[in-house]
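These notes are about the structure you will find just below.
The values are calculated or read from the model by the stated rules, or taken from the named source; none is laboratory data. Keep in mind that this is a model prediction, so the values were computed, not measured. Note that we place each Cβ from the backbone using ideal geometry, even for glycine, and neighbour counts take in every protein chain shown.
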Amino acid sequence: MSTKDYLEKDYYKVLGVSKNASQDEIKKAYRKLAQQYHPDRNKGDADAEERFKEVSEANSVLADEKRRKEYDQVRSMPSGFRGAGGGQGGGFGFDLGDLFGQGGGPAGGGGAGGAGDRIGDIFGGLFNRGGTRTGAGTRRARRGADVETEVTLSFGRAMNGVTVPLKLTSEAACPTCHGTGAKAGTTPRVCPNCEGTGQETRNLGNFGFSEPCHICHGRGLVVDDPCATCHGSGRATGTRTIQARIPAGVADGQKIRLKGKGAPGENGGPSGDLYVNIKVTPHPVFGRSGDNLTLAVPVTFPEAALGAEIKVPTFQGQPVTLRIPEGTPNGRTFRVRGRGAPRRDGTKGDLLVTVDVQVPGKLDDQTRAALEALRGSGEGDDLRSEVLQQAREE
Ligand SMILES: [Zn+2]
Ligand SMILES: [Zn+2]
């Protein structure tokens, strides 16, 4: 009887008892079936003979408490360890890629002479813990990691949207050892300190703290003969290039989430997401305020005081005429609708035009005379009376 038999045969079913059956129940069930299928009572009946053999075999395991325990442990192993057969004399054939959750091909398993013993070690470790494995080696589907990167765009490309190639580096299984971390022909063994859980418990007074095992650093496995490429980590840095679609209207400092473009998942798990931090180089004239574009335009003092129609540029469009009303103060902002940054819904923000009233530098005679006349009009004589008044308040 081999371990392979243990994996393939359900002795409880053969005897028609539950997994929790007492030794007594097993004995009774066996006696009844053994009588029923006994060759003396079923001469020439090949089926009965076959059943009799099965019943005997099941009984020889389940009636022996030690062997029953072994059998239960083998049967409770996760399916990842049970799938591939081909083992002889208690050995197993299995894919190390599955064992270590890296999705790589078989590496070194069953090859060199020493490997068999080490595989035995792995299972030995499993059996110590009743066959349940919760550590790093389970064949669980795992979502890939989220990846973050940065991209710098010109103002125009950010406004119009662009597809940019992004070169991403992410962790992958080492190509030499397929993620086991072990030199070719050798196999990692279950960490003796944490028995493969990757965790150890430290007791502080009444409290127990679980922390990553200090021997295997949480991996649950130790490597005696490290792979020369990855120095035993089992990990390598892989590079891939993806085409990332950056939507129109992104602004400096924005973070774009590209679903499923992060690190690939393990064992059929979904990929993580890619976060792209957007940097936008400033434009010489236009700025951004949310969905709006901002623009400062110089106007002369007479234009601001008397009112004017001025021509202002729009981003990537024809200039528009903006009417400045009489008595416009410096710094007032006017809104040109629909000439801002594109929004998600296809509409656009506005263009916010702020007037910047210019003080004439060099004065010709005519300008000087005009300004002298303005001063003589008495306009602005009490301009500062209020601030002088308020300054006295405590
Ligand atoms: Zn450990
Ligand atoms: Zn390696």
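Data overview
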{"quantity": "Any hit, the range 178-192, residues being more than 16 Å from Ser233 (Cα to Cα) and either free of Cβ contacts under 8 Å to residues at least 12 places away in the same chain or within 16 Å of ligand 1 (Cβ to nearest atom) (or both)", "calculated": "yes"}
{"quantity": "Residue check for Gly307: within 28 Å of Asp252 (Cβ to Cβ), without any contact (Cβ under 8 Å) to a residue 24 or more places away in the chain, small (Gly, Ala, Ser) and surrounded by 10 or more Cβ atoms within 10 Å (Cβ to Cβ)", "calculated": "no"}
{"quantity": "Qualifying residue in the range 355-374 (condition: under 43 Å from the mean Cα position of the chain (by Cα), surrounded by 12 or more Cβ atoms within 10 Å (Cβ to Cβ) and under 12 Å from Leu295 (Cα atoms))", "calculated": "no"}
{"quantity": "Odd one out for Arg257 among (1) over 27 Å from Gly185 (Cα atoms); (2) assigned to a loop (DSSP other than H, G, I, E, B); (3) among the charged types (D, E, K, R); (4) within 21 Å of the chain's Cα centre (by Cα)", "calculated": "(2)"}
{"quantity": "Looking only at the range 151-185, and only at residues there that are part of a loop (DSSP other than H, G, I, E, B) and either out of contact with any strand residue (DSSP E or B) (no Cβ under 9 Å at 6 or more places or on another chain) or more than 30 Å from Ala244 (Cα to Cα) (or both), the one that is modelled with the highest pLDDT", "calculated": "Lys183"}
{"quantity": "Helices (runs of 4 or more DSSP H) contained in the range 1-88 and holding at least 1 residues at pLDDT 80 or above", "calculated": "11-15, 23-37, 46-62, 65-75"}
{"quantity": "Leading residue by the ranking (nearest to Pro264 (Cα to Cα)) among those in the range 141-183 that are touching an Asp or Glu at 6+ places or on another chain (Cβ under 8 Å) and surrounded by 14 or more Cβ atoms within 10 Å (Cβ to Cβ)", "calculated": "Gly144"}
{"quantity": "Residue satisfying all of: in the range 188-229; more than 26 Å from Pro175 (Cα to Cα) and among the polar types (S, T, N, Q); nearest to the chain's Cα centre (by Cα) among these", "calculated": "Gln199"}
{"quantity": "Qualifying residues in the range 193-206 (those that are more than 16 Å from ligand 1 (Cβ to nearest atom) and of a type outside the set (Gly, Ala, Ser)) - the one nearest to Thr229 (Cα to Cα)", "calculated": "Asn203"}
{"quantity": "Where Lys53 falls short, out of the listed (1) under 17 Å from Glu8 (Cβ atoms); (2) within 51 Å of the chain's Cα centre (by Cα)", "calculated": "(2)"}
{"quantity": "Count - residues of the range 24-47 that are touching a residue at least 12 places away in the same chain (Cβ under 8 Å) and in contact with a helix residue (DSSP H, G or I) (Cβ under 7 Å, 6 or more places away or on another chain)", "calculated": "8"}
{"quantity": "Asn330, sole failed condition from (1) closer than 26 Å to Ala248 by Cα; (2) over 47 Å from the mean Cα position of the chain (by Cα); (3) outside any strand (DSSP E or B)", "calculated": "(1)"}
{"quantity": "Residue under evaluation Lys261, criteria (1) touching a residue at least 40 places away in the same chain (Cβ under 8 Å); (2) of a type outside the set (S, T, N, Q); (3) more than 16 Å from ligand 2 (Cβ to nearest atom); (4) surrounded by fewer than 18 Cβ atoms within 10 Å (Cβ to Cβ), criterion not met", "calculated": "(4)"}
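Table: residues versus (1) buried (at least 17 other Cβ atoms within 10 Å of the Cβ); (2) away from ligand 2 (no atom under 16 Å from the Cβ); (3) assigned to a strand (DSSP E or B).
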residue: Thr187; (1), (2), (3): yes, no, no
residue: Cys194; (1), (2), (3): yes, yes, no
residue: Arg202; (1), (2), (3): no, yes, yes
residue: Phe209; (1), (2), (3): no, yes, yes
residue: His214; (1), (2), (3): no, yes, no
residue: Gly232; (1), (2), (3): yes, no, no
residue: Thr237; (1), (2), (3): no, no, yes
residue: Arg240; (1), (2), (3): no, yes, yes
residue: Gln243; (1), (2), (3): no, yes, yes
